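Accompanying notes for the structure given below.
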Amino acid sequence: MPRDGFMSRPLTRRHALASAGLAAATLLPGRAGAQPRFAGREIVATAFGGPSQDLIQRMVYDAVTRETGARGTQTPLLSANAFARMRAEAQAPQIDLFMFSGGQQVPAKAAGLTQKLPEAPNFANVPATLKDADGHWVAWGLVTEGILYRPDKVATPPRSYKDFFKPEFAGHIAFPHITNGYGTDFLVMLARAHGGSESNIGPGFEALKRIAGRANIFRSAAEVQTLFASGDIWIMPYDGASAMRSTAMGIPVAYSVPEEGAPFVLLTGCAARRSRNADIASAVLNRHLDPEVQTAIAREIGWAPVNTATQLPPDVAPFMAPTDRLATLDRDVINASRPAWTERFNREIAR
Amino acid sequence: MPASARRGLIAAGLLAPAALVFALLFLWPQFGLFLQSLEGPPTYSRFLGDGYYLGVLGNSLLLGVCVTLVTLVLGFPLAFLLARAETRWAGLLLLLTTFPLWVSAVVRSFAWMVLFFRSGVASRLLQGSGLVPPDFQLIGTFAGVVIALAQVLLPIMIVTLYAVIRGIDRDLEHAAMNLGASPAVALWLVTLRLARGGVLAGSLLVFSLSVSAFATPSMIGGARAHFMAVTIYEQTLELLDWPFAAAIAAILLVISLSVALTYGRLLGERAR
């Protein structure tokens, strides 16, 4: 009696095509003799420049070339400029894959400048809030904010934005100016911790006023290390990667995810609507999301993983917020309120 | 062609390249900036009708005056000594005084920040003197900005004064003393008067550089430093309110130009 099992079924042409397609979709390295999936094709993508671009070239594009035959070229572009370029070249895109850090993927999709990315295996491990419901964009990294502190000076690690009001921290607090993005997020989180919100910022200003008098207000990221190294500053709101860098420089700085949640900056990728290389873009983003690449990006650059399957090593994990402890802020309200908040900050806080 | 007309033509020819560059790269953009400041909602009345912004303007002018005074008081004796030093080391010493200019403003400001923090040497010295509260720090204070800015602008004052003092004929001092003036009186009546061109030039340079300084006030003064250049930066790059930024720049230019002209006239009248 013939066994009607999977193995005994005759292999039809249709089946062969389906399984070959499946193999290609999962980005398996081409078997000996097999033609690479994207042989002879090329993808152009934007990048954030600097060390991250080098790392991504090595770990993402070179790997994609080896596996699929597609060559990748990165061109450094700030998100706002990249978005302008995307709009200008909407009809005939020179760039296939756009990387954004300022949330531009949302207006880009709304303006019809993006297309649905072919599904790729690692996309499934990205939380639903960090990818587009229609599959037009997917996040591949995070800058996670929170509370930075000197573990050698602070006995009890801070857990909440309300801890900035503990008397032992008076005179040892620093926070960024409101024109620094993290400064704006701190104001919003203080407002939230005191019953306010993005659209009711008053409680945030009231709270900030209570600590501003004896706090050090700084403007640039370059000052974070100087402030902690001075020994006077024990606690400040900033991003976890800065704590990791300080620690690497020999200044002990720890990172704490506040119980109110960690504000964050999302790094996303999306394909231009008229690009013919969305399939390669999807493969590139899939490779970004590989746990091995996610870990390397976290360790070398400080961008937290969004693939929940990533297991960060113990020397990196304490400086990143996990994806289930993020606080999503209303960036539209924040951006619209920026001029008014800056005026108020200059008059009431930075006195 | 008469000699005088030819001289005039030569002078015009010599001035033409500089005038052209000045008109093209300074006057024309300034005019464009002024036009931009008139766009959108009223900008000048917003600035001039707001106590906060007037305070920013006052801060910048006060900073210019303080830095000018400090560099003049510290720089004049040094320039005088260097100009009169009869040693072959004088050139090297002058070179040494310009060292602060060789270091980038950002690097120099970071060094000051380390000294100005609460536990930094400069702040500690003040705390030890008992003149300030025990948790006082120079960082983020007006005094801190004056100190850091005076350090970098001092060489400009010294080099300007040096050149002028060096050109003063010492025989004029000797003649004054020969006629019964004490050395101090001779210094006051002869040398200082003859050096006033240098004082004017040095002061104007230091003043204009101080009121428009950005890096040092922003880094040493931190967020509490409300100065004109920092405000222009904020309006231009952070808030993208270019018409308002252009208006602030125009106001700064007009005010500092009038201060400079008044000062020059005062010093010039004194001389007569």
Check: Looking at the stretch A:5-113, what strands (runs of 3 or more DSSP E) fall wholly within it and have at least 2 residues that are charged (D, E, K, R) and at pLDDT 90 or above?
Finding: none
Notebook entry, point to check: Restricting the search to the stretch A:232-271, which residues are surrounded by fewer than 24 Cβ atoms within 10 Å (Cβ to Cβ), in contact (Cβ under 8 Å) with a residue 40 or more places away in the chain and either at positive phi or acidic (Asp, Glu) (or both)?
Noted result: A:Asp232, A:Glu259, A:Glu260, A:Gly261
Margin query: On the basis of being over 17 Å from the mean Cα position of the chain (by Cα), more than 27 Å from B:Ser60 (Cβ to Cβ) and without any contact (Cβ under 8 Å) to a residue 24 or more places away in the chain, does B:Val190 make the cut?
Written below: yes
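Rundown of residues vs (1) in a helix (DSSP H, G or I); (2) exposed (fewer than 13 other Cβ atoms within 10 Å of the Cβ); (3) β-branched (Val, Ile, Thr), yes/no style:
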site: B:Ile10; (1), (2), (3): yes, yes, yes
site: B:Ala16; (1), (2), (3): yes, yes, no
site: B:Trp28; (1), (2), (3): yes, yes, no
site: B:Leu33; (1), (2), (3): yes, no, no
site: B:Gly55; (1), (2), (3): yes, yes, no
site: B:Leu62; (1), (2), (3): yes, no, no
site: B:Thr68; (1), (2), (3): yes, no, yes
site: B:Leu74; (1), (2), (3): yes, no, no
Notebook entry, point to check: Mind checking whether some residue in the stretch A:186-200 is free of Cβ contacts under 8 Å to residues at least 24 places away in the same chain, in a helix (DSSP H, G or I), assigned by TED's automatic domain parsing to the domain that holds A:Asp163 and crowded, with 19+ Cβ neighbours inside 10 Å?
Noted result: yes
Next item on the list: Considering (1) over 30 Å from A:Pro252 (Cα atoms); (2) under 17 Å from the mean Cα position of the chain (by Cα); (3) open to solvent by less than 30 Å² (accessible area, probe 1.4 Å), say which one A:Trp140 fails and leave the rest.
Entry: (1)
Item checked: Residues of the stretch B:133-178 satisfying the condition of being on the phi < 0 side of the Ramachandran plot, within 14 Å of another protein chain (Cβ to nearest Cβ) and not in a helix (DSSP H, G or I) -> B:Pro133, B:Pro134, B:Asp135, B:Phe136, B:Gln137, B:Leu138, B:Ile139, B:Thr141
Checklist line | Which listed residue is under 25 Å from A:Ser199 (Cβ atoms) and either touching a strand residue (DSSP E or B) at 6+ places or on another chain (Cβ under 7 Å) or away from chain B (no Cβ under 14 Å) (or both), from A:Ala296, A:Ala350 | finding: A:Ala350
Margin query: Among the listed residues A:Pro118, A:Pro151, identify the single one that is over 14 Å from the mean Cα position of the chain (by Cα), open to solvent by 40 Å² or more (accessible area, probe 1.4 Å), more than 30 Å from A:Gly213 (Cβ to Cβ) and not charged (D, E, K, R).
Written below: A:Pro118
Margin query: Can you say whether B:Val185 is assigned to a helix (DSSP H, G or I), modelled with pLDDT of 85 or more and buried (at least 18 other Cβ atoms within 10 Å of the Cβ), as far as the supplied structure shows?
Written below: no
Notebook entry, point to check: So A:Tyr182 fits all but one of (1) under 20 Å from A:Thr328 (Cβ atoms); (2) open to solvent by less than 40 Å² (accessible area, probe 1.4 Å); what number is the exception?
Noted result: (2)
Check: Pick from the stretch B:118-132 the residues that are within 12 Å of chain A (Cβ to nearest Cβ) and under 20 Å from A:Ile173 (Cβ atoms): which of them is surrounded by the fewest Cβ atoms within 10 Å (Cβ to Cβ)?
Finding: B:Ser119
Item checked: Pair list, Cβ under 6 Å, 6 or more apart: the stretch A:104-120 residue assigned by TED's automatic domain parsing to the domain that holds A:Asp279, other residue among the polar types (S, T, N, Q) -> A:Gln104/A:Ser79; A:Gln105/A:Thr268; A:Ala108/A:Thr114; A:Leu117/A:Ser282; A:Pro118/A:Ser282; A:Ala120/A:Ser282; A:Ala120/A:Asn286
Item checked: Unmet criterion (only one of (1) more than 19 Å from the chain's Cα centre (by Cα); (2) closer than 30 Å to A:His172 by Cβ; (3) away from chain A (no Cβ under 14 Å)) for B:Ala90 -> (2)
Item checked: Options A:Arg274, A:Arg331, A:Arg344; residue that is in contact (Cβ under 8 Å) with a residue 40 or more places away in the chain, within 14 Å of chain B (Cβ to nearest Cβ) and open to solvent by 60 Å² or more (accessible area, probe 1.4 Å) -> A:Arg344
Notebook entry, point to check: Is there a residue in the stretch A:269-289 that is at pLDDT 95 or above and under 16 Å from A:Phe319 (Cα atoms)?
Noted result: no
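The values are calculated or read from the model by the stated rules, or taken from the named source; none is laboratory data. Just so we're clear, the structure is a prediction, and the values are computed from it rather than from any experiment. Glycine also receives a Cβ, built like all others from the backbone with ideal geometry; neighbour counts cover every protein chain displayed. In case anyone asks, the SASA skips ligands and DNA or RNA and just uses the protein heavy atoms, side chains included. Shrake-Rupley method; radii C 1.70, N 1.55, O 1.52, S 1.80 Å.
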